Amino acid sequence: MAGQHPDLDLAPVVDAYGYLKIVLNPDGTVTRGLDDPTTPAVPDPDHPFAVRTKAVPLNPTHNTWARIYVPPSSPTPDQKLPLIVYYHGGGFVLMSPSSAINHNFCSLMAASLSAVFVSPGYCLAPEHRLPVAYDDAV
């Protein structure tokens, strides 16, 4: 089938690194230029869905961690809350559990559903090739 359509240009239309504002550094690291505001793991008393949050280490070798979100209403001693694991978006390239958009979503869901949310962080591509992110998340 190759060569049947020589007029088709198979070159990418968009430079993914440029679009995502990622700069590849000579030492193999990357610099992410997208504005990704973060939120510390503390409850905001002015936020209508204030939840208790805490960051806990997962794997010191990979420097990974998770953020835990506990709803504001305390359960009775014999009540168990559901646990929801939330893997943040970003295509394994961008963001973390501390990204404001992920923090706000998990806080809102934990408060609305009266559930404990856990959002694990994982090593990001391209400096960490797949399946590292999958392994970290598991």
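Each reported figure results from applying straightforward, stated rules to the coordinates on display, with no laboratory input. Only a predicted model underlies this, so the values are computations on that prediction, with no experimental measurement involved. Glycine also receives a Cβ, built like all others from the backbone with ideal geometry; neighbour counts cover every protein chain displayed.
For L34 and L108, what is the calculated FRET efficiency with R₀ set at 25 Å and r taken between the beta-carbons, to the nearest 0.05?
0.65
Using the beta-carbon distance between L81 and V13 and R0 = 30 Å, what value does 1/(1 + (r/R0)^6) give for FRET efficiency, to the nearest 0.05?
After rounding, the FRET efficiency stands at 0.05.
In what order do L124, L24 fall by count of nearby beta-carbon atoms within 10 Å, going from fewest to most?
On the way: L124 20, L24 12.
Ordered by Cβ neighbours within 10 Å, fewest first: L24, L124.
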